[in-house]
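The values are calculated or read from the model by the stated rules, or taken from the named source; none is laboratory data. Owing to the predicted nature of the structure, the values given are computational and were not obtained by experimental measurement. No Cβ is skipped: glycine too gets one built from the backbone with ideal geometry, and neighbour counts run over all protein chains shown.
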Amino acid sequence: MPAGYGGRRNSLIWQASIEKGQNEGLRRQNTIKKRTELSRQVSFKEVIEKLNDSGLELIQTSDDSTLLKLDLIINSTSDSIKVLVHMIQKLNSVGIALKHVETRPDKAHPGELEILAQIETRKPLLMEVLDHLIADKIDRIEIKSSEKDNTITSSKNVASEENIWIPTHVSDLDKCGHVVVKYEPTEDPKHPGFGDESYITRRAELNSIANNWKL
């Protein structure tokens, strides 16, 4: 190794880490600036303050006439059932299409529910609904696009129709019995069995029986 190479390498690593930190800080400053600007432009200041960063970006870049397909997640500090009822009533009253709604325990607020709604709407109607719900002690609002990105970025990442495997007999399911999902009680805190050792043990026993069973 040439003399001084290690020093130059460490210097480059240090410089890269500094630049990364500066870039992250700049992005955060831009997000705060956008949040402030948007709260001044519209009368929905409380909504903007509780909105997630990506949701803020989506709201700012969308025009009023664009039909948005969104996942809307709401966390409330109290009486989440009341929030759910009010949300559905308000969505219906303004003409927002509610495609799907579900609830799950809110880990941040024990005893309350986290609400997920899949909707199709335009920005003005969405902001009207959120402004209406703020009175129900909303703690957090998360918005993200539910539309799939169908852009093909690399032919290596896209399977051709000829290479797609489809089971043709029930015994073929043995070939995919090892597949593991990320929604596991040992990994996902939002899983209803998270932290329940007896449940996790029993689940592992049943998984073992199922994996060893051949069709």
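Suppose we filter region 112-141 for residues that are among the small types (Gly, Ala, Ser) and under 11 Å from Ile73 (Cβ atoms); how many remain?
Looking only at that region, the number is 1.
Could you tell me whether Lys107 is in contact (Cβ under 8 Å) with a residue 12 or more places away in the chain and loosely packed, with under 15 Cβ neighbours inside 10 Å?
On the way: in contact (Cβ under 8 Å) with a residue 12 or more places away in the chain: yes; loosely packed, with under 15 Cβ neighbours inside 10 Å: yes.
The answer is yes for Lys107.
Could you please let me know if Leu206 is surrounded by 15 or more Cβ atoms within 10 Å (Cβ to Cβ) and either under 28 Å from Ile73 (Cα atoms) or at pLDDT 85 or above (or both)?
no
Given the conditions (1) of a type in the set (S, T, N, Q); (2) loosely packed, with under 11 Cβ neighbours inside 10 Å; (3) modelled with pLDDT under 85; (4) assigned by TED's automatic domain parsing to the domain that holds Ile115, which single one is not true for Gln60?
Here Gln60 meets the rest and fails (2).
Can you name the strands (runs of 3 or more DSSP E) wholly within region 85-172 that have at least 3 residues being at pLDDT below 90 and in contact with a Lys or Arg (Cβ under 8 Å, 6 or more places away or on another chain)?
Values: elements: 97-105, 113-121, 138-145.
The qualifying strands (runs of 3 or more DSSP E) are 138-145.
Within region 56-75, can you find the residues that are touching a strand residue (DSSP E or B) at 6+ places or on another chain (Cβ under 8 Å) and not polar (S, T, N, Q)?
Of everything in region 56-75, those that are touching a strand residue (DSSP E or B) at 6+ places or on another chain (Cβ under 8 Å) and not polar (S, T, N, Q) turn out to be Leu58, Ile59, Leu67, Leu68, Lys69, Leu70, Asp71, Leu72, Ile73, Ile74.
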